[in-house]
1. If a residue must be of a type outside the set (A, V, I, L, M), surrounded by fewer than 23 Cβ atoms within 10 Å (Cβ to Cβ) and farther than 15 Å from M306 by Cβ, how many such residues does region 235-254 contain?
2. Can you find even one residue in region 49-64 that is outside the structural domain of M247 (by TED's automatic domain parsing), among the basic types (K, R) and buried (at least 16 other Cβ atoms within 10 Å of the Cβ)?
3. Have a look at F274, F285, F248 and point out the one that is touching a residue at least 40 places away in the same chain (Cβ under 8 Å), in contact with a strand residue (DSSP E or B) (Cβ under 8 Å, 6 or more places away or on another chain) and of a type outside the set (G, A, S).
4. Do we have E323 as within 22 Å of I231 (Cβ to Cβ), surrounded by fewer than 16 Cβ atoms within 10 Å (Cβ to Cβ) and at pLDDT 95 or above here?
5. Please go through region 286-302 and give me each residue that is among the hydroxyl-bearing types (S, T, Y) and exposed (fewer than 15 other Cβ atoms within 10 Å of the Cβ), ordered by number.
6. Considering each residue of region 89-125, count those that are assigned to a helix (DSSP H, G or I), buried (at least 24 other Cβ atoms within 10 Å of the Cβ) and either in contact with a Pro (Cβ under 7 Å, 6 or more places away or on another chain) or of a type outside the set (D, E) (or both), and give that number.
7. Condition test on E219, is it out of contact with any Phe, Trp or Tyr (no Cβ under 8 Å at 6 or more places or on another chain) and either surrounded by fewer than 18 Cβ atoms within 10 Å (Cβ to Cβ) or touching a residue at least 24 places away in the same chain (Cβ under 8 Å) (or both)?
8. Given region 1-76, what helices (runs of 4 or more DSSP H) lie entirely inside it while holding 2 or more residues that are touching a residue at least 60 places away in the same chain (Cβ under 8 Å)?
Amino acid sequence: MEKIEQLQSYLQKKQFSQLFLLVDDNTSVNCMPILLEKIDEITDRQAVLLEIPHGEEKKTVSTAENIIRSLAQSEADRDSCLLSLGGGVVTDLGGFVSSVFKRGIENINIPTTLVGMADAAIGGKTAVNIDGIKNLIGTFNFGVLKNDSVLSYDVFKNKVFLDTDFLSTLSVNQIKDGVAEILKTFLVADEGLSRKFLDSPIEKNAVVPYIEPCATIKERIVSQDPYDRGIRKSLNFGHTLGHAVEMFYNLSHGHSVAVGIHYALDLSVKHCNFPYEKAKAILQFIEINYELPPYDKDISQLTDLMRQDKKNTDEKINFILLEDIAKPCLVSVYQV
């Protein structure tokens, strides 16, 4: 992840044939002016604006098709670049489209939400939803390098540029969404940061110092396991139930992850002997800051959604749980 101040020189150096700026109808109003004040190269090059409706329900194949049609109508070629300015929906769609349009054009993510800065915009995963199932269609959007005649995958070729000024556009609930993703990352990777973070207030200024450490942890994990076959699975902690909760109750992604962490910690105590006193402190943090839906009452219906999870094998639901903080493990269950 690089600072937004570096984007201007990066665009000048790359000399793309065309620039396209993908926004939704929220970020076009609230975030695009902040970007255009800082990056002259985008306006000087007359970047083509592509605007989509906001919302998780718009993260679909149909929306991706519309973006692709717009690129084609503007005669985008393989030397074009798509800049995705927005939260997880925009960066997911931008990354997905970039990976499939003419078999791949460069994508630059400029996350405007705390969820995006800490997690969603990083790591090359892209996806769209279909038939109420989250992220059912997707790609790993990595670049390919050739060094000494050997092909290798460059996980971070698709750049991410960070500007915390965008946080000023967020509500308290949107900050809480990002807090859940930061907490998840620290719980699976760093006990010291977990303890400090749990003691910090949920305020914009208080969370800013944790963005780069969180992003660095994710980048380190992704570089070890770009295709999600091993250690990268740990970053799905809280997401098995979380994705089901998101679709079933129509909650925000971050809020749903917080609910998923709450459930996964209960399972971790039961199945992995996670220390109860540690779990109690984390559970209390979530219960104080997030409203928990009656997921225990609705667990049979949520289970049907969880069975669609990409991580499942052999008809079992796979959960990322914790033996301790920074000690993740994979547990498969038939019943939840």
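The values are calculated or read from the model by the stated rules, or taken from the named source; none is laboratory data. For clarity, every value in this text was computed on a predicted model and none was experimentally measured. Backbone-built Cβ (ideal geometry, glycine too); neighbour counts: all protein chains shown.
1. Going through region 235-254 one residue at a time, the tally reaches 2.
2. First pass over region 49-64, keeping only residues outside the structural domain of M247 (by TED's automatic domain parsing): 49-64.
Among the residues that remain, those that are also among the basic types (K, R) are: 58-59.
Add one more test, that the residue is buried (at least 16 other Cβ atoms within 10 Å of the Cβ), and what stays is 58-59.
Scanning region 49-64, I find at least one residue that is outside the structural domain of M247 (by TED's automatic domain parsing), among the basic types (K, R) and buried (at least 16 other Cβ atoms within 10 Å of the Cβ), so the answer is yes.
3. Working: F285 fails: in contact with a strand residue (DSSP E or B) (Cβ under 8 Å, 6 or more places away or on another chain); F248 fails: in contact with a strand residue (DSSP E or B) (Cβ under 8 Å, 6 or more places away or on another chain).
Testing whether each residue is touching a residue at least 40 places away in the same chain (Cβ under 8 Å), in contact with a strand residue (DSSP E or B) (Cβ under 8 Å, 6 or more places away or on another chain) and of a type outside the set (G, A, S) leaves just F274.
4. So E323 passes the test.
5. S300 - this is the single residue of region 286-302 that is among the hydroxyl-bearing types (S, T, Y) and exposed (fewer than 15 other Cβ atoms within 10 Å of the Cβ).
6. So the answer is 15.
7. no
8. Values: elements: 7-14, 27-30, 32-38, 40-44, 61-73.
The helices (runs of 4 or more DSSP H) meeting that bar are 7-14, 27-30, 32-38, 61-73.
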